[in-house]
Each structure stands twice: as structure tokens, then as C-alpha cells.
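What follows draws every value from the coordinates through simple rules; no lab data is involved. Here the structure is a predicted model, which means the values were calculated and not measured. Here the Cβ is made from the backbone with ideal geometry for all residues, glycine too, and neighbour counts use every protein chain on show.
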Amino acid sequence: MQAAAGAGPMMARGWRRGWLFLGLVCSALASVQAADRASLQRGERMFMADCAACHSLKYLRYSRLQQDLDLSPEEVRRDLQRFGAKAEGPVISPMTPRIAGYAFGKLPPDLSLETAVRGPGWVRRYLGGFYLDPSAPQGWNNAVLQNAAMPDPFWRLQGIRANDGHGRPGGLLVPGQVAPRAFAGQLDDLVAFLSYAATPDVIQRRVLGPWVLAFLALFTALAWALKRVVWKDVKGSRGAT
Ligand code: HEC
């Protein structure tokens, strides 16, 4: 009898603690997910502004992009108009093999699986590795991919960097529009976006995964609270006999 009378308040305390814990976990998860999404949105805008004129993401549809990244309809409409694309169609660059052959001697590769093939670290180093090289056909060179046919897409943002004499970027010849730290952050966003493009379901996994873990944690807490109550009863009845 005594054990049963004590069980009520104890269960209530367990529930209160459980809800408080779940609330804290949920708000932490929500803020991490919002920060991730904001980074992907910035990366997407950067890709559309600086890369999509030459590179495609042929396995990614605009409609999926809009849904996954929670983009505004105006933003997507602007890109669709700019590239003459359809909402259900993939992100295809307007660059034709003829123009590419003439301008670069090769077609800029599709970047859908770029981070999966090369790794995000390689892509980040490549994008940050351009320097001015008048002896190269494009006037630019790259520390990671020597004699790359791609011109530096960031010469305005990052500034123009000299050759250090060892095939790496040296000092700034012309300062960029953004400070080096801010530029590094922008590169992180862009590479995060390219990583998302390589495995778009990562968003669903990230959204779902923590909730599953939170559920398991709450379930464990409840099971533990229940076990305590039941065992208290068992011990109580043993003592009575
Ligand atoms: C003016 C056209 C042009 C623009 C703009 C451009 N690229 Fe490129 N990109 C190229 C060409 C051409 C190559 C092929 C380089 C080579 O293999 O020599 C290339 C190669 C690459 C590669 C290396 C692919 C590989 O694995 O060999 C990556 C990564 C890349 N681009 C990313 C980007 C990103 C990200 C942007 C936007 C910030 C961008 N590019 C903007 C033309 C462009």
C-alpha cells in the first residue's frame, strides 16, 4: 500500500524530468538544424551565382532543392528564369560543349558527385588554391590541380593572389571584397552545399536521426523510472512476507 502511494508523485517527477529533458534536446536540435540549413542556403546561392554558369548538378532537381533547403519561391524562380530551366528539371548549366571547347579546351565537369569522388577537403583546397599565372592559358593556375582550365571564380571576393614561385598562392596583389576569415566561411558553405548535392538525403537523415536518438533516450528514461517503481513494489512485498 505504502509503495503504491509513493509511486504517484515519483512517476509525476519522472515525467516532468522526461519532458524537460526532451524540451532541451529538441530546442538544441532545432537550433543546430536551422544553422545547418542557413549554411546550405548560402552555399546554394553562391553556387548559382558563381558556378552554375559553367557547372551542372545533373542529379539534383530545382524542386528538390527548394524543398530540402527551404528556399523561397522567388529565389528559385529567379534561378529558373536565369537558366531557362523547369522546376521539375535538374540543375543544368547553359554552357555548351562548343563554347566550353573554345573557351577552356574541355567541358566543365558535372559537380553532382564531386565531393563524393574527390572528397570535400580536396574540393575546398582546390577552390581556395587559385593564383595569378600569366604563363597559364587562362591566366590563372591552381595549387591542387596544376594548369587547371578553370579561371579563378573568386578573384573579386578573395582578391588576386600572386604565384609564390612554388606553384602555390602567394601574397595578395589586389585585395578582395571580403576579409580572409569571412571568405573561409563562404567556402565552407559552398563545400557543404556541394556535399549535400552529392547525397541529398543527408538532410532527411540528419533531421530524422537525432529524433530517433531523442526518442530512445526518453524511452530509456521512462523504462528506468518504471523499473524503479515496479521493483519498489516487489521489494516491499518481499519485506511483508
Ligand atoms: C568559367 C567557367 C567556370 C566557372 C564559373 C567555374 N568553373 Fe569549375 N571548372 C571549370 C573547368 C573548365 C574545369 C575543368 C578544369 C580542368 O580539369 O582542367 C573546372 C573544374 C572544376 C573542379 C574540379 C573537377 C575535377 O574533379 O577535376 C571543381 C571542383 C570545380 N570546377 C568547382 C567549381 C565551383 C565550386 C565553382 C563556383 C565557385 C566553379 N567551379 C566555377 C570551369 C568553371
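Annotations
- Were the residues from E88 through C26 laid out at 0.36 nm apart, the gain over their Cα-Cα distance would be 19.0 nm.
- Per-pair calculated FRET efficiency, R0 = 45 Å: D70 and K232 via Cβ, rounded to 0.05: 0.40
- Seen against the Cα atoms of the chain and their longest principal axis, helix 2-50 is set at about 10 degrees.
- Computed from Cα atoms, the angle from the helix 73-83 axis to the main principal axis of the chain rounds to 30 degrees.
- Considering only Q67, N163, G119, and ranking their Cα positions along the charge dipole of the range 29-200 that arises from unit charges at the beta-carbon of Lys, Arg, Asp and Glu, the one farthest toward the positive end is N163.
- Ranking A223, P200, V144 by how far each Cα lies toward the positive end of the dipole of the chain (charges on Cβ) leaves A223 at the top.
- Dipole magnitude for the chain: about 1080 debye, using +1 per Lys or Arg Cβ and -1 per Asp or Glu Cβ, origin at the Cα centre.
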